[in-house]
Amino acid sequence: MGGVSRRAFAVAAVSAVSAFTMAPAASAAPVSASKPPVRRAAAGMRGMWLATVAGRDWPTRAGLRASEQRAELVEHLDNAVRHRLNTVILQVRPTADALWPSPYEPWSQYLSGSQGRDPGWDPLGTAVKEAHARGLELHAWFNPYRVSLHDDPSRLVPAHPARQHPEWVVPYGGKLYYNPGLPEVRAFVQDAMLDAVEKYAVDGVHFDDYFYPYPVAGESFDDGVAYRTFGAGAGFGSRADWRRDNIDRLVRETAARVKKVRPAARFGVSPFGVWRNAATDQRGSDTRAGVQTYDDLYADTRKWVREGWIDYVVPQLYWSIGQNGADYAKLLPWWAEVAEGSRTQLYVGEALYKAGDPAQPAAWQDPAELSRHVALAARYPQVRGHVFFSAKDVAEDRGGAMARVAADHYTLPAAAPR
């Protein structure tokens, strides 16, 4: 997602180049005097992202009373159930902060309106409890390296780790980031994230598409000292290779620690949808995207899947069928081939936020576009489900696109996505 949403990057990358229904019982004879058993669809991911950065989905504004924040959160969970989803991916560490009482980082400003101020309740603990009560999985979504959506360290609370360790921080593109090239940073961000995994019975641990930041024209990410210290003499062919190794280490180490701390939890990543264009690498996709995760974010997402380092991957295929430069119908089989034979489960990230948006091209004005995505994906056995961006758009359902998906494909409640 961009500084506030994923919309900006999905667009920029390409421009650079029915009511709830129950199935009838199998037999006319009643099983018991109680309710008949609920038939469920086969296991598969039906998820939605619930973004908190800058209040994208929730809360509607910072500083609401605890009871109001809780009511809004529960309404999002109820919306997931109404649309027969089975998973909510809740952003709990949007900007080096926390939506739970953390000993490592301050309370998020997106709750109280002021970084570090206790909101008076435990959002993550409540989300886990209320999601499970509704039969939903709750995955905790973390952004590893983003510190702030501004580049002024003095605006962070004095006790913020980024102020205590200014040598960890790189300003870039008007924002602050932790430097992925520092081993102490990699250890710290894992400790901060794993604190939540240790404390709460989350069903998954989720990274989004941010590793090294998306490129900003005319700017360079200033990690030269770290490269000279840790990379230049370590046998890397280039700084790009060293950066990719830094992110590989983060992913491998986080995966191992998640399994140790909470073995039942799954670890997944939702990368930008283009690994590399075929013009750059013959193994790449038939696309002409201006951003390639391997080259620009230093995230070798294809390797993570092929090596089985992650339990699931949710590439953000935020384009329409037939779109010039990045065609959903071409990217889908590419990712299916990448996942073939791997232990990594493939789910597809869907751009619900584009549906019915008048600023989007004609394809997105058709409420059947996303339903066609799900129908097309059903032809590929490697695809085990979909995740929709995002919760606010599930609730608003412009043009009825989400209702159409549910009516066409989600006629039964879904079993857990295993």
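The values are calculated or read from the model by the stated rules, or taken from the named source; none is laboratory data. Please read all numbers here as calculations on a predicted model, not as lab measurements. Note: ideal-geometry Cβ built from the backbone for every residue, glycine included; neighbour counts use all protein chains shown. Ligands, DNA and RNA are stripped out before the accessible areas are found, and what is left, the full protein with its side chains, is counted by its heavy atoms. Shrake-Rupley method; radii C 1.70, N 1.55, O 1.52, S 1.80 Å.
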The chain - Kirkwood radius from inverse mean 1/r over Cα pairs (Å): 22.0 Å
Full-extension gain in nm, Ala66 to Lys259, via 0.36 nm per residue minus C-alpha separation: 66.2 nm
Tail weight of P(r) past 14 Å, computed on alpha-carbon pairs of segment 254-294, percent: 55 percent
Percentage relative contact order, segment 208-365, counting C-alpha pairs under 8 Å, at least six apart: 21 percent
Which of Gly399, Tyr380, Ala355, positive extreme of dipole for segment 338-418 (C-beta unit charges): Tyr380
Protein-only accessible surface order, largest first, of Val147, Val38 at 1.4 Å: Val38, Val147
Among beta bridges that DSSP assigns inside the chain, antiparallel share in %, nearest 5: 15 percent
Relative compactness, segment 25-179, computed as alpha-carbon Rg over 2.2 N^0.38 Å: 1.31
Where only C-alpha atoms are counted, convex hull volume of segment 290-393 per residue in Å³: 109 Å³
Low-density loop cleavage sites - trypsin sites (Lys or Arg not before Pro) in segment 41-115, where at most 15 other Cβ are within 10 Å (DSSP): Arg61, Arg65
Percentage of interatomic Cα-Cα distances in segment 127-246 larger than 16 Å: 67 percent
Rg to Rh, two decimals, where segment 370-418 supplies the alpha carbon set and Rh follows Kirkwood: 0.96
Hz values of 3J(HN,Hα) by residue in segment 150-163 - Karplus curve (6.51, -1.76, 1.60), Gly and Pro given as x: 9, 10, 10, x, 5, 7, 7, 4, x, 7, 4, x, 5, 8
Candidate lysines for bridging to Lys330, where Cα separation is under 25 Å - those fewer than 8 sequence places away on the same chain excluded: Lys303, Lys354
Qualifying lysines (Cα of each under 26 Å from Cα of Lys199; at least 8 residues distant if same chain): Lys129, Lys259, Lys260
